[in-house]
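The values are calculated or read from the model by the stated rules, or taken from the named source; none is laboratory data. As the structure is a computational prediction, the values presented were derived from the model and not from experiment. Ideal geometry is used to build each Cβ from the backbone, glycine not excepted, and the neighbour counts take in all protein chains shown. What goes into the accessible areas is simple: the full protein's heavy atoms, side chains included, and nothing from ligands, DNA or RNA. Shrake-Rupley method; radii C 1.70, N 1.55, O 1.52, S 1.80 Å.
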Amino acid sequence: MSNNSVNRLKKKDYESELANLQIKLVKLQEWIKHSGMKVVVIFEGRDAAGKGGVIKRITEKLNPRVCRVVALPQPTEKEKTQWYFQRYVSHLPAAGEMILLDRSWYNRAGVEKVMGFCSDEEYNEFLRSCPEFERMLKRSGIILVKYWFSVSDDEQEKRFLERINTPMKRWKFSPMDLESRNRWAEYSAAKDAMFAYTDTKQCPWWVVDADNKKKARINCISHLLTQIPYKEIDYPTISLPKVNKEGYVRSPIDNQTFIPDLFSPK
């Protein structure tokens, strides 16, 4: 995907376009629920590339019972002995659900490969089996969309420094971020190999230029809406009735303690 469609994005224009897209996302959500669709969206990419920001804007106005974010921690000792895809399978959507994977089974092709957390045999088996696994998901009726967020070296450095020096963002920075800088070339090679094996006709990768966060959010959400066919649901007209308080008697012990109003006049 290209940023050419959005040359300059002022804050006002960004907020207006984002609001329009979020309305469409709500319509998509309602159609997924109504039609029983099963949707999986994968978000991968460089550290600090802005995946979390896009996910946040997608889910901001949606029902968490329909659209869920899955961000798995490190595998447990038991999970390490299971079939590699097993712990991800348990999070796949039922009918009427959309799952956003903040990192996914592609950890094996990225961080596990680069950091030596898996053997060469496990890595090679992943590259062989992943395309077939994803074709199985497609054949089962799951809509699978995969995004890779690309960020330049200079922009990543800028965002890492912001994380380090901003108290509200310091929690985002981890020792793995340091390693991602030290092993930039290794991560690049791993990404290229991953694309060579898993960028298939049935399940292609879509690359998001993420140097500009606002453009990346608009471009990614706009593209996502084109990947999932949906229709607008017609809601019935509703007349809100007046509250019926007949028969209610306030209990003498029904006292309520309110928290202090910090904005009330002194």
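General remarks:
- Here's the list of aspartates and glutamates a cross-link from K214 could span, going by alpha-carbon distance under 16 Å and ignoring same-chain residues fewer than 8 apart: D13, E15, E17, E60, E155.
- Counting only protein heavy atoms and using a 1.4 Å probe, the accessible area of D211 comes to about 60 Å².
- In the chain, the sites counted are GluC sites (Glu not before Pro) in DSSP loop states with at most 11 other Cβ atoms within 10 Å, and the longest stretch holding none of them, exclusive of the sites, is 61-231.
- Chymotrypsin sites (Phe, Trp or Tyr not before Pro) within region 117-203: DSSP coil, no more than 16 neighbouring Cβ in 10 Å: F117
- In region 11-255, Cα pairs under 8 Å separated by at least six residues give a relative contact order of 29 percent.
- Cross-link pairs exceeding 21 Å between alpha carbons, from the set K56/K113; K56/K201; K11/K215; K56/K146; K51/K231: K56/K113; K56/K201; K51/K231.
- Shape index of the chain: Rg/Rh, with Rg the Cα radius of gyration and Rh the Kirkwood radius from the inverse mean 1/r over Cα pairs, equals 1.06.
- When the residues V111, V70 are ordered by accessible surface, computed with a 1.4 Å probe over the protein chains alone, the sequence from largest down reads V111, V70.
- Across the options F258, F149, V26, the greatest Cα extent toward the positive end of the charge dipole of the chain (unit charges at beta carbon of Lys, Arg, Asp, Glu) belongs to F258.
- Taking the C-alpha atoms of region 1-131, convex hull volume expressed per residue in Å³: 145 Å³
- R135 - accessible surface, heavy atoms, 1.4 Å probe, Å² rounded to 10: 70 Å²
- Apolar share of the accessible surface for the chain: 53 percent from carbon plus sulfur atoms, 1.4 Å probe.
- Panel note: the C-alpha atoms of region 29-101, placed on their principal axes, show extents of 39, 30, 15 Å (largest first).
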